[in-house]
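A short write-up of the structure that comes next.
The values are calculated or read from the model by the stated rules, or taken from the named source; none is laboratory data. What you see is a predicted model; the values in this text were computed from it and never measured. Because the Cβ atoms are built from the backbone with ideal geometry, glycine has one as well, and the counts that use them run over all protein chains shown.
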Amino acid sequence: MGQGEAFSRRAFGRRAAALGAGLAAAPVTERALAQMSYVGEPPAGAVLLNANENPLGPCAEALEAMGAMLKRGGRYMYGEVLRMSRTFAEIEGVKPELVQSYAGSSDPLHRTVLAFCGPERAFVKGEPGYEAGDWAARVANAPVHKVPLTKTYEHDVDAMLEAAGPRAGVFYVCNPNNPTGTVTRRAGIERLVEKKPAGSVVLIDEAYIHFSDEKPCLDLVQAGKDVVVLRTFSKLYGMAGLRAGVAVARPDLLDKLRAYGAGFLTTTGMTGATASLLAKGVLAQRKQYVKEVREGVFEWMRGKGYAFVPSVSNKFMVDVKRPGREAAAAMAARKVYIGRSWPSWPAHVRVTVGTREEMEIFKAAFERVMG
Ligand SMILES: Cc1ncc(COP(=O)(O)O)c(C=O)c1O
């Protein structure tokens, strides 16, 4: 065994230990964030309910378009990137210059935080909330203010406005929220946009908007507000591994994000995203499917007396009445991989809504684990 190999084995061992310890010591990188839902090579028959993915994968139209694109993979084909953002703009009814394509939504999320946060410009978010922004804020040496959600699991916009006062850089609102799957009503978001200090932006992460009945916030961008909206094809459209997303913002804000990266996007991701947008009925069918499966699990949980947060998304938080990590490990021993806990909610674990069949397996394992 060479030195490098020995080192990497040790490093792997440490990382595995960190995973076991609930990732308390995870370094500030996006790779590490991906590893938070990393379960190694899952055993045959494993049910993966840990990363809010869509087990249905890409729709038939996207599969066909991407298959055809593979043979043409020797070309950059810049037009595909533009076709994706223009198709999005047309379907959503926003001006094309407000839409920028990316490889998913993590990339523009990071860029927005790097562009608008710094030692004097704080990152303000709801808690529990998606962590990627806090990690980018640490890279920018920016203070992070985690403001507890309200009793009804909405972002507490008034407390968020107070948290950093005039020294706020980015207000991050994930709607519906990850991990709770709950929505923050439009009036609150509008108040935040109107009252926020000059120079700051409201970053509205709509990764899960398609699962809810909530009105998206693209019209705030169209109206010229200091708002950046993120969308991804990783969730409802089932393209997490294929990478496609957009940032929607005023051109002057999009320009600020451009400085933080370079390079081309995959033509498979772009063409798959365009085909998904144009596919008839996919959005409505998938939304309905997830809703039916989720509500079925909720009904079962109510019947059994398990406490959970009533989500309108493709994941929910369940109260396991013990350290969440212990319950997740007990589920993993039954080949059902559920998500993580948040330090502020240590006895809750996030569970992704899988297929109907997967959720039957989840129910059987969960009942055993809960005793
Ligand atoms: C709220 C939220 N935003 C962004 C992302 C990033 O997804 P992607 O980069 O695949 O678009 C995720 C992924 O889980 C998420 O939950």
Complete set of residues in region 72-108 that are of a type in the set (D, E) and either away from the ligand (no atom under 16 Å from the Cβ) or surrounded by fewer than 19 Cβ atoms within 10 Å (Cβ to Cβ) (or both): E80, E90, E92, E97
Taking region 245-299 only, how many residues are within 30 Å of V139 (Cβ to Cβ) and hydroxyl-bearing (S, T, Y)? 4
Being within 16 Å of the ligand (Cβ to nearest atom), within 30 Å of V147 (Cβ to Cβ), outside the structural domain of T87 (by TED's automatic domain parsing) and at pLDDT 95 or above is the requirement here; does F316 meet it? yes
Quick check on my filter: what residues within region 179-198 are within 16 Å of the ligand (Cβ to nearest atom) and in contact with a strand residue (DSSP E or B) (Cβ under 7 Å, 6 or more places away or on another chain)? P179, T180, G181, T184, I189
Tell me whether region 205-214 contains one or more residues that are in contact with an Asp or Glu (Cβ under 8 Å, 6 or more places away or on another chain), aliphatic (A, V, I, L, M) and either near the ligand (Cβ under 10 Å from one of its atoms) or modelled with pLDDT of 95 or more (or both). no
Yes/no for L33 being in a helix (DSSP H, G or I), modelled with pLDDT under 95 and under 23 Å from the mean Cα position of the chain (by Cα): yes
Can you work out which of the residues in region 213-266 that are under 22 Å from E190 (Cα atoms) and among the basic types (K, R) is surrounded by the most Cβ atoms within 10 Å (Cβ to Cβ)? R231
Among (1) assigned by TED's automatic domain parsing to the domain that holds S105; (2) on the phi > 0 side of the Ramachandran plot, G305 falls short only on (1)
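Per-residue answers, yes or no, for (1) within 16 Å of the ligand (Cβ to nearest atom); (2) modelled with pLDDT of 95 or more:
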site: K235; (1), (2): yes, yes
site: V246; (1), (2): yes, yes
site: G261; (1), (2): yes, no
site: A275; (1), (2): no, yes
site: Q288; (1), (2): no, yes
Are any residues in region 338-357 outside any loop (DSSP other than H, G, I, E, B) and buried (at least 18 other Cβ atoms within 10 Å of the Cβ), and if so, which ones? I338, W342, W345, H348, V349, R350, V351, T352
Region 40-69, residues that are in a loop (DSSP other than H, G, I, E, B) and either within 18 Å of the chain's Cα centre (by Cα) or at positive phi (or both): G40, G45, N50, A51, N52, E53, N54, P55, L56, G57, P58
